[in-house]
Structure formats: C-alpha cells, structure tokens
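**Student:** Below is one structure. I have some questions about it.
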Amino acid sequence: MLLRTVGKGVRSRRAFHRDRANPRLRTVDRIVGVPAVAALGIGRRLRGRRTVPPRWQSVGFVLGAGIGDTVLASAVLGDVRDARPDARIVLFVTESNASFARMLPQPDEVVEMSVRSPLAALRRVRSRRCDVVVDLGMWTRFEALVTVGSGARATVGRRTPAQYRHDAYDVVVDHRSDEHEIQNQRRLAGVLGVVCTSDPVLEADRQITMGAPYAVFHLWPGGARAAERSWPEERWYELARELRSRGFGILLTGGPENRAATDALVATWAERGLEATSSAGCSWPEVMRTLAGAVAVVSVNTGVMHIAAALGIPTIAVDGPTSAARYRPIGPRVQRVASPMVPDGYLDLGFEDDPRFRDCMRAITVAMVVEAWDGLVSGPTPRRSSSKQSRDRTTGLRRPDGSC
C-alpha cells in the first residue's frame, strides 16, 4: 500500500511538469477552448444567467493549477468548511496537483480529472451533482468548460483579461492582477455567501533527516518560465558554503524530474569539498516532513515555497520575475529577496514574457539572501495558533513505515 501511495505521488509530480509547462496543451486549450466557451456563452445568455441558490448543500471547486495555488486554496476551503459544516465540498483537480490535494482535510472528496481527456473529465464532474461549482482557475479554458458543463444550478468563475473564458458562467468575478492570488480566490468563494479571511496553515511531523540542524534548498521552479525564474547554480553553491561554515547541513529537494540533476549537483559539490544531501524525488508527504524539520527553507518561487511558508518554517523566496503582489509567500516567517532589475516582478498568469528581465535572477546576490537568512533565523520564533480553527485545517500527516 505504501509503495502504491508513494508511486502515485511520484507520478503526479511528473505530470505536474509534463502538463503544466506543455506549450502544445496550452495552444490547444486556447484554440479549441475559446470558441467552445463562446458557444456555451450564447446558450447561457439565451436562457438567462442564474444566481447562486441561498440554500446550496454541495459545492465543487475546480482547481487544475499548481501546488502553490492548491496551498492557497486550502485556506479558502477551510473558511467554507467552517461556515457550512453541513455542506459537501468536492475539489476537482488534475494529475498535476492531485497527490497534494488528497492530503488536505477540508474537501469531502477529491476528484481527479485529466486535461488530456476533457469528455471523461466532464463526466466525472457531472456525476458529483454539485449545487454550485466554482472555478478557481485563472486562464485555462479546460477548467472553464468543465465548470460550465458541470450541470450545477449555478456556476462561478473569473473574468481574466484577454483569456476569453468567462462568457458562460452564471456569476462572473473580475480577476485582479494587483492582488494576491488568495484574494482572487477569496472573492470567488465569497459568492457563496462565505467571508474568507484565513491564511493557509499546514502541519507535518518533524523529521530529523540529518544529524545537524539543516537548511533546505529548493532550486527548481515549475511552469512556463522556469528557466527565467531559476537562480544560478553557482550562487546556490556559494550560499551552501556560507551556511555550512555556520554549522548547518544542506538538503536539496526536488521532484522526480529533478532527481538526476540534483544528484549530479550534490556529486559536483562533493568534489569541491562541500557536503550536501539530496531528497529529490520524494512524495509530497515526505517533502513536507523534510521541510518541517528544517531550520529554514530557501526556495525559488514555486509550490515548495508556499508549502514551507504555510508550515510556519522561516522561508526565503529568491524571486525575480514573479509578481510580488500576486504570489509572495504567506506565512508567519517569510522574506522575499527580490531582483533589483524588477523588484515587484511582472509574471501574473505565469507565462508572460518580457525580454528585458530574462536575466533578472542573476542580479540577486548571495549577500542579499544571507541578509534575509540572518533576519529570519536569528529573530524570535512566533507561536503558531493553537485555535480549533488552525488545528482543524492542518494535514495531520503521520510518518509512514518507510521513506522515499
């Protein structure tokens, strides 16, 4: 059973990169999806837009995005759960975020869809017979189509400029590029009559992975602009050398698709006299335990960064092109180290391109990250909330019999 569970998590993390960063799928989604949404929008206008029923008993949330968006959505789902403990909550996800979503306690059911089989995905959504379906997606027409075709009494989604995905929703909420993504998610859920204010909170068992206190480095961003959002490997080496001189162990995380590169990097550093350990390729539960045991996490702006921040671990985001307003980490001890070339970033939906900033991560120095480290690690540790609300929204993971 353990091997089967871990295997599913590993396959899901591979799919995260195979589908999310696939330009062909994105092109098909636009070419096919835009006219399909427009056609459904005509039908919606002819029969009239419906309102959310005041006494809804079941709600579906469609979220086929990455792990970071799923971390943020867990707070919104928690607010809905607290406001309506009697209601049934279904979370519709894709292979890219399914293994992580299944660890969340808020949904009554997590249903996996395949972006490569839209008709089968639509059948899965319709079979759950939700009163309301809320599309938490930002730009994909796939999410819009399964939402609109869900058979729900009312559908909710966002109007994202130039994405042509909103015509067929019953209730439309404008996407705000000047607000954090969690605020956009909160306003979508607010249509249900629920006030959403909570931040994401995760917990995991502490794992003693190394004999000495250790720092976690996550070098690998995902998505369409991954190369642009990567910090040079030599800078990671210099940072590792600095922290090793202070007595900290270094542990590198990564997905299955990063395992070979991470192992090669560890071997190269060893040849240069610097010891580090790789845990690339682990399942999400194992990753979370590793993060929870760290002194601090240094990460590019990606899902691991959001997980670490929600765990309450001191988290340093090495951040260049990603918009600070849209995707800064949320947690009690976080610090964003911004590129001087583009301090506020510019990536909103994740696939925009500005040639002026393709080398912006190189402008972030090791000294800047060390300064952030000193400010977080040497500062006072805040107490995590012990309220019932916070306890109920944690993953409550237990260490399995084995390791990744």
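The values are calculated or read from the model by the stated rules, or taken from the named source; none is laboratory data. No experiment lies behind these values; they were computed from the predicted model shown. Cβ sites come from the backbone with ideal geometry, for glycine too, and all protein chains shown count toward neighbours.
**Student:** For the range 93-114, indicate whether the set of residues that are over 25 Å from V304 (Cα atoms) and more than 18 Å from the chain's Cα centre (by Cα) is non-empty.
**Tutor:** First pass over the range 93-114, keeping only residues over 25 Å from V304 (Cα atoms): none.
Scanning the range 93-114, I find no residue that is over 25 Å from V304 (Cα atoms) and more than 18 Å from the chain's Cα centre (by Cα), so the answer is no.
Condition check ((1) assigned by TED's automatic domain parsing to the domain that holds I31; (2) at pLDDT below 95; (3) basic (K, R); (4) buried (at least 17 other Cβ atoms within 10 Å of the Cβ)) across all residues:
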| site | (1), (2), (3), (4) |
| --- | --- |
| A168 | yes, no, no, yes |
| Q185 | yes, no, no, yes |
| T197 | no, no, no, no |
| V201 | no, no, no, yes |
| A204 | no, yes, no, yes |
| T209 | no, yes, no, yes |
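**Student:** I've got another one for you. Restricting attention to the range 244-277, and to residues there that are without any contact (Cβ under 8 Å) to a residue 24 or more places away in the chain and β-branched (V, I, T), which single residue is surrounded by the fewest Cβ atoms within 10 Å (Cβ to Cβ)?
**Tutor:** Applying the filter and picking the extreme gives T268.
**Student:** Moving on to the next point. Tally time: how many residues in the range 29-64 are assigned to a helix (DSSP H, G or I), out of contact with any helix residue (DSSP H, G or I) (no Cβ under 9 Å at 6 or more places or on another chain) and either under 16 Å from R165 (Cβ atoms) or among the charged types (D, E, K, R) (or both)? Full working, then the answer.
**Tutor:** Of the residues in the range 29-64, the ones assigned to a helix (DSSP H, G or I) are 29-47.
Going one step further and asking which of them are out of contact with any helix residue (DSSP H, G or I) (no Cβ under 9 Å at 6 or more places or on another chain), we end up with 31, 35, 38-39, 42-43, 45-47.
When the remaining residues are screened for being either under 16 Å from R165 (Cβ atoms) or among the charged types (D, E, K, R) (or both), the result is 31, 35, 38-39, 42-43, 45, 47.
Adding up the residues that qualify gives 8.
**Student:** Only one of these is in contact with a Leu (Cβ under 8 Å, 6 or more places away or on another chain) and assigned to a strand (DSSP E or B): V266, V304, V298, V318. Name it.
**Tutor:** On the way: V266 fails: assigned to a strand (DSSP E or B); V304 fails: assigned to a strand (DSSP E or B); V318 fails: in contact with a Leu (Cβ under 8 Å, 6 or more places away or on another chain).
Result: V298 is the single residue among V266, V304, V298, V318 that is in contact with a Leu (Cβ under 8 Å, 6 or more places away or on another chain) and assigned to a strand (DSSP E or B).
**Student:** Consider only pairs whose beta carbons are under 6 Å apart and that are at least six residues apart or on different chains; among these, list those whose first residue lies in the range 278-299 and is in the same structural domain as L251 (by TED's automatic domain parsing) and closer than 17 Å to R333 by Cβ and whose second residue is among the polar types (S, T, N, Q) and part of a strand (DSSP E or B).
**Tutor:** From the range 278-299, the pairs are V297/T315.
**Student:** Continuing with this model, one more query. Filter the range 252-277 for residues that are in contact with a strand residue (DSSP E or B) (Cβ under 9 Å, 6 or more places away or on another chain) and of a type in the set (K, R) and give the result.
**Tutor:** R259
**Student:** If you don't mind, another one. List the pairs whose first member sits in the range 22-39 and is farther than 15 Å from P118 by Cα, whose second member is surrounded by fewer than 16 Cβ atoms within 10 Å (Cβ to Cβ), and whose Cβ atoms are under 9 Å apart, counting only residues at least 6 apart or on separate chains?
**Tutor:** P23/F351
**Student:** Taking the criterion of being in a loop (DSSP other than H, G, I, E, B), outside the structural domain of P105 (by TED's automatic domain parsing), modelled with pLDDT of 95 or more and over 25 Å from D79 (Cβ atoms), would at least one residue in the range 377-385 satisfy it?
**Tutor:** Taking the range 377-385 first, the residues in a loop (DSSP other than H, G, I, E, B) are 378-385.
Next cut, outside the structural domain of P105 (by TED's automatic domain parsing) only: 378-385.
Filter once more, so that each one left must be modelled with pLDDT of 95 or more: none.
No.
**Student:** Then there is this: Is it the case, given these coordinates, that A227 is under 26 Å from M341 (Cα atoms), surrounded by fewer than 23 Cβ atoms within 10 Å (Cβ to Cβ) and outside the structural domain of V71 (by TED's automatic domain parsing)? Can you show your working first?
**Tutor:** On the way: under 26 Å from M341 (Cα atoms): yes; surrounded by fewer than 23 Cβ atoms within 10 Å (Cβ to Cβ): yes; outside the structural domain of V71 (by TED's automatic domain parsing): yes.
For A227, the condition - under 26 Å from M341 (Cα atoms), surrounded by fewer than 23 Cβ atoms within 10 Å (Cβ to Cβ) and outside the structural domain of V71 (by TED's automatic domain parsing) - is met.
**Student:** Just checking, which of R235, R153 is more than 25 Å from S74 (Cα to Cα), among the basic types (K, R) and surrounded by fewer than 21 Cβ atoms within 10 Å (Cβ to Cβ)?
**Tutor:** On the way: R153 fails: more than 25 Å from S74 (Cα to Cα).
Exactly one residue qualifies, and that residue is R235.
**Student:** Run down V37, V59, V6, V52 and say which single residue is surrounded by 18 or more Cβ atoms within 10 Å (Cβ to Cβ) and modelled with pLDDT under 85.
**Tutor:** Details: V37 fails: modelled with pLDDT under 85; V59 fails: modelled with pLDDT under 85; V52 fails: modelled with pLDDT under 85.
Step by step, each of V37, V59, V6, V52 is checked, and only V6 is surrounded by 18 or more Cβ atoms within 10 Å (Cβ to Cβ) and modelled with pLDDT under 85.
Residue-wise test of (1) in contact with a strand residue (DSSP E or B) (Cβ under 7 Å, 6 or more places away or on another chain); (2) part of a helix (DSSP H, G or I); (3) surrounded by 17 or more Cβ atoms within 10 Å (Cβ to Cβ).
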| position | (1), (2), (3) |
| --- | --- |
| A75 | no, yes, yes |
| D79 | no, yes, yes |
| F100 | no, yes, yes |
| R126 | no, yes, no |
| A162 | no, no, no |
| S177 | no, no, no |
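**Student:** Out of curiosity, is E286 under 24 Å from V370 (Cβ atoms), outside any loop (DSSP other than H, G, I, E, B) and of a type in the set (D, E, K, R)? Give the steps one after another, and end with the answer.
**Tutor:** On the way: under 24 Å from V370 (Cβ atoms): no; outside any loop (DSSP other than H, G, I, E, B): yes; of a type in the set (D, E, K, R): yes.
Judged against the criteria, E286 is not a match.
**Student:** Can you tell which of P329, P343, P355 is free of Cβ contacts under 8 Å to residues at least 60 places away in the same chain and within 21 Å of S198 (Cβ to Cβ)? First the steps, then the outcome.
**Tutor:** Numbers: P343 fails: within 21 Å of S198 (Cβ to Cβ); P355 fails: within 21 Å of S198 (Cβ to Cβ).
Checking each option against the conditions leaves just P329.
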